[in-house]
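The values are calculated or read from the model by the stated rules, or taken from the named source; none is laboratory data. All values derive from a computational prediction rather than experimental measurement. Please note: Cβ atoms are built from the backbone with ideal geometry, for glycine as well, and neighbour counts cover all protein chains shown. With ligands, DNA and RNA removed, areas are computed over all heavy atoms of the protein, side chains included. Shrake-Rupley method; radii C 1.70, N 1.55, O 1.52, S 1.80 Å.
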Amino acid sequence: MTISSPPLDHGATAVYATLFHSLSDPTRLAVLHHLSYGEHRVRDLVEHLDLAQSTVSKHLSCLLECGLIVFRVEGRASWYRLADADDLAALLQAAEHLLAATGSQVTLCSQLMHPSEA
């Protein structure tokens, strides 16, 4: 018996991949963690994360482009915050649930770890 499924929507798949790529970097996750406590300026994040300003700015740019964060300007400072804190919290809670369910089985797939062997 063959199970039929709807055709693959390549555009939607690419959008999902972009979202998950934006969440795949530990520094971006750390930025999101800090922003979950409220608005921060770049200099605040630099201090909290002990990273160069250029590094923090690069990650903020990615998160802005993906729509995960927004900012407002106050004087000469830009204040960053989560675009949708409730939905992002729900996504991260789902990830925690999945990690708990899979335990140590969550590792990089062999193709990512050794792409030349694939």
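Structural remarks
- The residues of the chain expose, per residue, 75 Å² of accessible area to a 1.4 Å probe.
- The 1.4 Å probe gives accessible areas that order Leu45, Leu99, largest first, as Leu99, Leu45.
- Segment Ser54..Ser4, full-extension length gain: 13.1 nm, with 0.36 nm per residue of separation and the alpha-carbon distance subtracted.
- Computed accessible area, Tyr80, all protein chains, 1.4 angstrom probe, square angstrom: 30
- Taking amide hydrogens as placed 1.01 Å from N in the peptide plane, the amide H of Arg41 sits under 5 Å from those of Tyr80, each at least 5 positions away in sequence or on another chain.
- Karplus-based coupling profile of region 2-17, in residue order and whole Hz: 9, 9, 8, 9, x, x, 5, 8, 5, x, 5, 4, 5, 5, 4, 4, with θ = phi - 60° in 6.51 cos²θ - 1.76 cosθ + 1.60 and x standing for Gly or Pro.
- Cα Rg over Rh - region 48-107, Kirkwood: 1.11
- Per residue convex hull volume, Cα atoms of the chain, in Å³: 187
- Mean ellipticity per residue at 222 nm, deg cm²/dmol - from DSSP H runs of n ≥ 4 across the chain, formula -39500 (n - 2.57): -17000 deg cm²/dmol
- Dipole magnitude of the chain, debye to nearest 20 (Cβ charges: Lys/Arg +1, Asp/Glu -1, about Cα centre): 280
- Toward the positive end of the charge dipole of the chain, with +1 on the Cβ of Lys and Arg and -1 on the Cβ of Asp and Glu, the farthest Cα among Val46, His33, Val70 is that of Val46.
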